[in-house]
Amino acid sequence: MRNMVSLISGLIFGLGLAISGMINPDKVLGFLNLFGKWDPSLIFVMIGALVISVPAFTFIKTKNKPICENSFSLPTKTEIDSKLIIGSVIFGIGWGLVGLCPGPAIASMTLMNTYSIIFAGSMISGFVFTKIALN
Amino acid sequence: MEIVNFTPLSALLGGVLIGISVLFFLLFNGRVTGISGILSNLFLSSENRTSNFLFILGLILGPFLFQTFSNHKIEFHITSSLPLLIIGGLLVGIGTKLGSGCTSGHAVCGLARFSKRSMLATAIFMIAGILTVKIMSFF
């Protein structure tokens, strides 16, 4: 059941990215081009997602456990540290260079585009390097 | 400021679907829908491996089904050169691992949880992205 939920959640997420146009790096760079010709669409993706996700996270506070698991496993860190700040700066630079963040990078692999696969491979290498460096 | 290529309706609809995915994953599996976390854990952790794999599989299949059953072709234009593409990919991987999240984990789930860490992370990566695009426009 929980595996089925994961597959369906991934499907709906990928469908959302496809419909919103956010798989296209050009569209995302258009949003980040705030000081030039600006495409505000990404804000509307955020609004659409938050309209559902804000009530969702509020609602689960009234529940003791999710339907398929014995407990919720939500992020627990609350303090702001240098890793969060430096990591977000590095991510933002990479995002601005290409116009791909992890969701669209993976979703775009459906197109079997060489560039998309190279980007995803580099991104996964980045995960591995960081994991090794932090240990 | 000049507004171009603005598609508010499809953006809103796509966003709502992303929200539904978050709701579904949270209500049933009790986890946040952070793609960088799900993807990196698929490679780096044995915990929830099948579940993480199936989520990523769904993420790739979703756009495929959309293209197959609708008349829309998914647009995908990369303007970066190959070295820039590799550097960008590495930076996105390193940054999201170090910063514990990306657009989905921080900007969608984190903001919805009113997490101060995610609010700060979202502001930082948006500003860094906007400045990077500005700087790259000079080259």
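None of the figures in this text is laboratory data; all of them are computed from the coordinates on show. Small disclaimer: the values here were computed from a predicted structure and weren't measured. Neighbour counts run over all protein chains shown; Cβ positions are idealised from the backbone, glycine included.
Numbers for the structure displayed
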{"quantity": "Under Karplus coefficients 6.51, -1.76 and 1.60, residue-wise ³J(HN,Hα) of the stretch B:87-100 in Hz, glycine/proline x", "calculated": "4, x, x, 4, 5, 5, x, 5, x, 6, 5, 5, x, 6"}
{"quantity": "Gaussian network model of chain A, springs between alpha carbon atoms under 10 Å - residue of A:Val28, A:Val98, A:Val51 with greatest fluctuation", "calculated": "A:Val51"}
{"quantity": "Reachable aspartates and glutamates, given that their alpha-carbon falls under 14 Å from the alpha-carbon of A:Lys27 and they are not under 8 places away in the same chain", "calculated": "A:Asp39, B:Glu75"}
{"quantity": "Separation between Cα centres of the stretch B:99-116 and the stretch B:1-48, rounded to whole Å", "calculated": "10 Å"}
{"quantity": "Extension gain, B:His77 back to B:Ile135 (0.36 nm per residue minus Cα-Cα distance, nm)", "calculated": "18.9 nm"}
{"quantity": "Separation in nanometres of the label points that stand 7 Å from Cα toward Cβ, at B:Met1 and A:Asp81", "calculated": "3.6 nm"}
{"quantity": "Spatially proximal lysines relative to A:Lys83 (Cα-Cα < 27 Å; intrachain offsets below 8 disregarded)", "calculated": "A:Lys131, B:Lys97, B:Lys116, B:Lys134"}
{"quantity": "Hz values of 3J(HN,Hα) by residue in the stretch B:25-35 - Karplus curve (6.51, -1.76, 1.60), Gly and Pro given as x", "calculated": "5, 6, 5, 8, 9, x, 10, 7, 8, x, 5"}
{"quantity": "Highest-fluctuation residue, A:Phe13, A:Phe35, A:Phe91 considered, GNM on chain A with Cα pairs under 10 Å", "calculated": "A:Phe35"}
{"quantity": "Per-residue HN-Hα couplings for the stretch B:115-129 [Karplus 6.51, -1.76, 1.60; θ = phi - 60°; Hz; x = Gly/Pro]", "calculated": "7, 5, 4, 5, 4, 5, 4, 4, 4, 5, 6, 5, 5, 4, x"}
{"quantity": "Among B:Phe76, B:Gly101, B:Ala11 - extreme Cα towards positive end, dipole of chain B, charges at beta-carbon", "calculated": "B:Gly101"}
{"quantity": "Gaussian network model of chain A, springs between alpha carbon atoms under 10 Å - residue of A:Pro55, A:Pro104, A:Pro40 with greatest fluctuation", "calculated": "A:Pro55"}
{"quantity": "Listed residues A:Val28, A:Ile118, A:Thr58: farthest to the positive end of the dipole of chain A (Cβ charges)", "calculated": "A:Thr58"}
{"quantity": "Among A:Leu15, A:Trp38, A:Met1 the positive-end extreme of the charge dipole of chain A (Cβ point charges)", "calculated": "A:Met1"}
{"quantity": "Which of A:Leu50, A:Leu17, B:Leu9 has the fewest Cβ neighbours within 10 Å, and the rest in rising order", "calculated": "B:Leu9, A:Leu50, A:Leu17"}
{"quantity": "Per-residue Cβ neighbour rank within 10 angstrom, fewest leading, A:Trp38, A:Trp95", "calculated": "A:Trp38, A:Trp95"}
{"quantity": "Student exercise, the stretch A:11-98 dipole from Lys, Arg, Asp, Glu Cβ charges, in Debye to nearest 20", "calculated": "200 debye"}
{"quantity": "Long-range HN-HN contacts of A:Trp38 with modeled amide H, under 5 Å", "calculated": "B:Glu2, B:Ile3, B:Val4"}
{"quantity": "Footprinting exposure proxy for A:Ile118, A:Ile124, A:Ile106 (fewest neighbouring C-beta atoms within 10 Å first)", "calculated": "A:Ile118, A:Ile124, A:Ile106"}
{"quantity": "Between the stretch A:57-135 and the stretch B:66-93, the Cα center-to-center distance that results, in Å", "calculated": "17 Å"}
{"quantity": "Formal net charge of residues neighbouring A:Gly30 (Cβ-Cβ distance under 14 Å; K, R +1; D, E -1)", "calculated": "-1"}
